[in-house]
Amino acid sequence: MEKPLRQWTRDDLDELCRTKTPESLYLEFKKTIPLSKEEEIRQRKAGITNPIDPKLAQGSFADHGRNELLEEVVAFANAQGGKLLVGVDETKDAPPRAATIEPLQELAKLERKLIDSIVDCVEPPLPSFQVRGIPVQGETAGVLCVEVAPSPVAPHRVKTTRHATIRRNDRCDRMTMPEIHRMVAMKSGQADAIAQTFAQSSHKTRERLFDLIDNLPGTVIGEPLERRVRARLKASKLSALSMRVTAIPLSSLNLQRLDNLDGLVPSGGVCLEENGQLTRVCQSSLFGPSNDGTPIYGGVVHEASHSDLVLSFRAMRDGTVEAVLFTWERTGQLCAFGSWMMDAVGRVLGVYNKLRNRAGMGSMPAEVDVEILSLNGVKPTPVGESRPVTGSKELPESARLGPHSVATMADFESLLNQLAEDLLNAGGRRADGARPLRFDPS
């Protein structure tokens, strides 16, 4: 199911059983916490017809059950990500299908126990996972769910068993040593390729900002481009600014077709939270509501320009999404508005989330790179404000705020809040008391 785990309810669990959803590369069911063969035999000899982990009544589980659950979690992280649901019985079909809900007691304690086990017993640490108990009988009994994103630092293994596992179709298999070596080599090359793409995007953005300023009336002739632009800004008492947000998936989404933005532009966005109330940081997105765009090789681009503002947005079939803003204004009047940056980041994250869901890869992580290039004295403003904080310093010419790895909606919100703080820090200010940001991906 494409819906994020944090939005799941009892109805979603019932739907799995009603439609007899099968286990798959992305989905695993377990009726209860797994038992060791020895414990199962012991209980059956004692006349217990349905053996269960004796620690369940206290909201815990034995080492054998912990290890089996962790190997399932690691298998998803080492593959394409997925969800593990404990408390859902399955059929004897091949592959097994969801049959009935078998609620686990002491759900909150089990949730805490599994989170601690993942943190303590998986190496290297998983960069993105979520554990959530979904109540189905009051608040204390329900289904224990784990959502795991494909990991950029795979392969992982379970410390206590020393096993590295991987998801294949509907199975959790142990990885062979050649597979582990290949994955290490592949991840290293993948990280290098993403870093190179970010560097190319940074270079192209810088070139375009200089070209835009160079084409303003009154440009000095005959000097090298960068010297001309700096002379032009100084003589005209202008400041210039670009903001770039680039998201690249850790594995290509391989979309078959993408020639417009129809259905991809989110209606939600980034909101400030204060006293329980949410307020959009930009009442109308700088990048507009446009759903069309112009087809380009490998994707689609949407551009808009005003007298002193140029906006560019592109989405590609491989899942790369980028928003860039260019602007210039009288020195002392141009600011690096936090709300503008959050609007750009929110648009990129929202479109990326819809692209990965469209590709059937709803948990695919992305690396997100944010860069602000400022020329001739630009100060930052907090999100939701129109003026810099008193005492703010000018931004450095290039302020690189990233890259960051994101996978879940919780990651998205964490990134937004981190970037809002980073922007103030880049201007020499502490971010104490900053209002929290929330993200609506709809």
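Would you mention how many residues in the stretch 1-25 are part of a loop (DSSP other than H, G, I, E, B) and not hydrophobic (A, V, I, L, M, F, W, C)? Talk me through it step by step, then tell me what you get.
To start, the set of residues in the stretch 1-25 that are part of a loop (DSSP other than H, G, I, E, B) comprises 1-4, 8-9, 19-21, 23, 25.
Applying the additional criterion that residues be not hydrophobic (A, V, I, L, M, F, W, C) yields 2-4, 9, 19-21, 23.
Adding up the residues that qualify gives 8.
If I ask for residues that are over 24 Å from Lys109 (Cβ atoms) and in contact (Cβ under 8 Å) with a residue 60 or more places away in the chain, which ones from the stretch 35-76 would you list?
Ala75
Can you list the strands (runs of 3 or more DSSP E) found entirely within the stretch 214-326 that contain at least 2 residues being among the aliphatic types (A, V, I, L, M)? Full working, then the answer.
Numbers: elements: 238-249, 270-274, 277-280, 294-296, 299-306, 309-316.
In the stretch 214-326, 238-249, 270-274, 299-306, 309-316 are the strands (runs of 3 or more DSSP E) which contain 2 or more residues that are among the aliphatic types (A, V, I, L, M).
Cβ contacts < 6 Å: first residue assigned by TED's automatic domain parsing to the domain that holds Glu28 and without any contact (Cβ under 8 Å) to a residue 40 or more places away in the chain, restricted to the stretch 154-166; second residue surrounded by fewer than 22 Cβ atoms within 10 Å (Cβ to Cβ) and among the hydrophobic types (A, V, I, L, M, F, W, C), any location; separation 6+ or different chain. Result?
Lys159/Cys121
Considering only the stretch 242-254, I want to know if a residue exists there that is over 27 Å from Ser414 (Cα atoms) and within 19 Å of the chain's Cα centre (by Cα). Reasoning before the result, please.
Applying the first criterion (over 27 Å from Ser414 (Cα atoms)) to the stretch 242-254 yields 254.
Imposing the further condition that a residue be within 19 Å of the chain's Cα centre (by Cα) reduces the set to 254.
There is at least one residue in the stretch 242-254 that is over 27 Å from Ser414 (Cα atoms) and within 19 Å of the chain's Cα centre (by Cα).
Residues checked against (1) surrounded by fewer than 20 Cβ atoms within 10 Å (Cβ to Cβ); (2) outside the structural domain of Val245 (by TED's automatic domain parsing); (3) free of Cβ contacts under 8 Å to residues at least 12 places away in the same chain:
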site: Arg280; (1), (2), (3): yes, no, yes
site: Ser285; (1), (2), (3): no, no, no
site: Ser305; (1), (2), (3): yes, no, yes
site: Leu309; (1), (2), (3): yes, no, no
site: Gly319; (1), (2), (3): no, no, no
site: Trp328; (1), (2), (3): no, no, no
site: Phe337; (1), (2), (3): no, no, no
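Condition first: farther than 30 Å from Ala191 by Cα, β-branched (Val, Ile, Thr) and surrounded by 15 or more Cβ atoms within 10 Å (Cβ to Cβ). Can you find one or more residues in the stretch 104-124 that meet it?
No, the stretch 104-124 has no match at all.
The values are calculated or read from the model by the stated rules, or taken from the named source; none is laboratory data. Bear in mind that the values here come from a model prediction, so they are computed numbers and not experimental data. Here the Cβ is made from the backbone with ideal geometry for all residues, glycine too, and neighbour counts use every protein chain on show.
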